[in-house]
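Written out below as structure tokens is the structure these notes cover.
Bear in mind that the values in this text are calculations on the coordinates, not laboratory data. Please read all numbers here as calculations on a predicted model, not as lab measurements. Cβ coordinates were reconstructed from backbone atoms using ideal geometry, including for glycine residues, and neighbour counts include every protein chain displayed.
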Amino acid sequence: MDLSLYLCVGLLVPLVAPLDFKYHHQEEMEAFLKNVAQTHDSITHLHSIGKSVSGRNLWVIVVGRFPREHRIGIPEFKYIGNMHGDEVVGRELLLHLIDYLVSNDGRDPEITRLINNTRIHIMPTMNPDGFESIEIRDCYSSDGRFNENQFDLNRNFPDAFENNSEVRQPETLAIMKWLKSESFVLSANLHGGALVASYPFDNGVVATGTNRGHSLTPDNDVFEYLAYTYSSKNPKMSQGDACDNMNFRNGITNGFTWYPLKGGMQDYNYIWSQCFEITLELSCCKYPPAEDLPSFWNDNRNSLISYMKQVHLGVKGQVFDVNKNPIANAIVESTDRKHICPYRTNRFGEYFLLLLPGSYTINATVPGHKSILKEVTIPDNMQNFSALRMDFHFPFQVKSHNTTTRLSCSEVPLYMYLENHSERLKSHFILFLMTFVSLFYIK
């Protein structure tokens, strides 16, 4: 064959066939993921974090310039789909997102920079057993919601507000173990049955504002912004009333305000894994016809990309000793938003704090030593794909550099034992009101 003709043919024929808009069962999904991992092996890493009750793999594909390991300064992001087996749109959107990312690396500058500066973990299905069990596709309910043991996985995590005695399921335990193995910063959990971006808390106590009809985190301003970032770029979600008998202003809601639930995954992420997670309800119909999938992709593509970029909000850095050795498990937080379970550095001495542009005082603490406080003004630098960097240097030597596990609090109802939190939350509520006005009323 003539060389020029060969090159033309090579340009016209893609290495990987485009992903169809259809519902992919487990074998088809696995084949697609393995094909992507093989074809794009330099920027992807496919692995299973565990197995479902029936023994199906819980696949995760990592996309990034260094997909097989964490690199200092590169934040970890994740999407999880299909937690409820009958809520299927998110499962397919994540497969198309994977296809979109790897296909546009080196072609689209924004996607290329995102891959260069972010380690992206995507789990298309957390509940493969539930999905495979569905015999009759239904918009509103299905036996496929639950796992094989008939447990609702979004009621199965430890709860910070009340005792949750449900037996932990294999899928839940796999997620909990995974969260401890990575330093996730930002996440979203994809559901269906409504059209709204919901943010923590899902459960609450009076100290978090339940007597006022909501349950707010100390980082409520950030969560409002994150939810609005997703909703505002989805033309139907942003309307707030696309589904019958539902009305969400600007397409966002506090989880508790919508309806309280115990044992949810987004609260667990925020409290015990230092990961900001929101819940994305992507379709009024839980299991819509496959011919509607292209429309769902068009509505959500920009939102999915824009939301990932928010992992670069705020400030990041490392904590060192006098010999420039990283200090693991140092507490690093903004003084105006201390968490009930303090946020700590990972084994590399790294911290990531998602904060909106503004001025803050960051407090770094190593138990038994005097804290270091630094003033920081965070600019609006999202286009740089990097949070502001600020390191801390302590004037002493750490005894051990071999810590591999980030400390966390006991997985018990921490808020049941909390005292005097309500006064602190009042100041955050005032900040939330100011942020809310700036987000939604300034044109």
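Bridges between two residues of the chain, per DSSP, are antiparallel at a rate of about 55%.
The relative contact order of the range 266-374, computed from alpha carbon pairs under 8 Å that lie at least 6 residues apart in sequence, is 22 percent.
Ranking of Y360, Y417 by neighbouring Cβ atoms within 10 Å, starting from the fewest: Y417, Y360.
The gain in end-to-end length when the N211 to S295 segment is fully stretched comes to 26.3 nm, 0.36 nm per residue minus the alpha carbon separation. Per-residue Karplus couplings for the range 333-341, computed as 6.51 cos²θ - 1.76 cosθ + 1.60 with θ equal to phi - 60°, are listed in order as 8, 6, 5, 8, 8, 6, 8, 4, 10 Hz, Gly and Pro entered as x. When the Gaussian network model of the chain links Cα atoms closer than 10 Å, the mean-square fluctuations of G209, G90, G130 top out at G209. When each of I340, I278, I136 is scored by the number of other beta-carbon atoms lying within 10 Å, the sequence from fewest to most is I136, I340, I278. Between L46 and V62, the built amide H atoms are under 5 Å apart, and every one of these is 5 or more places off in sequence or on another chain.
In plain terms, the residue of D138, D219 with the fewest other Cβ atoms within 10 Å comes first and the most crowded comes last, giving D138, D219. Residues considered: R107, R249, R71. Largest GNM mean-square fluctuation over the chain, using C-alpha springs under 10 Å, is found at R107. Compactness ratio for the range 174-325: Cα radius of gyration over 2.2 N^0.38 Å (N = residue count) comes to 1.14.
Summarising the amide proton neighbourhood of H84: residues at separation of 5 or more, or on other chains, whose placed amide H is nearer than 5 Å comprise an empty set.
Need the C-alpha centroid separation for the range 153-182 versus the range 301-356, integer Å. Distance between centres, Cα-based: 23 Å.
Beta bridges from DSSP with both residues in the range 316-401: antiparallel share about 85 percent, rounded to the nearest 5. With R₀ fixed at 30 Å, the C-beta to C-beta distance from V322 to S386 puts the FRET efficiency at about 0.65. List the relative contact order of the range 31-312 as a percent without decimals, with contacts defined as Cα pairs under 8 Å and 6+ residues apart. Normalised by residue count, the contact order of the range 31-312 is 23 percent. Under the criterion of Cα pairs below 8 Å and six or more residues apart, the relative contact order for the range 181-301 equals 43 percent. Along the axis of the charge dipole computed for the range 31-312 (Cβ charges of +1 for Lys and Arg, -1 for Asp and Glu, origin at the Cα centre), the listed residues N164, L226, N250 are led at the positive end by L226. Among H47, H312, H191, which one moves the most in a GNM of the chain with springs linking Cα atoms closer than 10 Å? For the chain, modelled as a Gaussian network with Cα springs under 10 Å, the answer is H47. Rank L353, F392, T335 by how far each Cα sits towards the positive end of the charge dipole of the range 316-401 (+1 on Lys, Arg Cβ; -1 on Asp, Glu Cβ) and give me just the farthest. Working it through, the farthest residue towards the positive pole turns out to be F392. Evaluated with a Cβ-only charge set (Lys, Arg +1; Asp, Glu -1), the chain carries a dipole of roughly 1620 debye about its Cα centre, given to the nearest 20. Kindly flag which residue pairs out of K309/K338; K22/K286; K78/K177; K51/K262; K324/K399 have an alpha-carbon separation exceeding 19 Å in this structure. Long pairs (Cα-Cα over 19 Å): K309/K338; K51/K262.
Annotation for the range 207-241 versus the range 248-287: alpha-carbon center distance of 9 Å.
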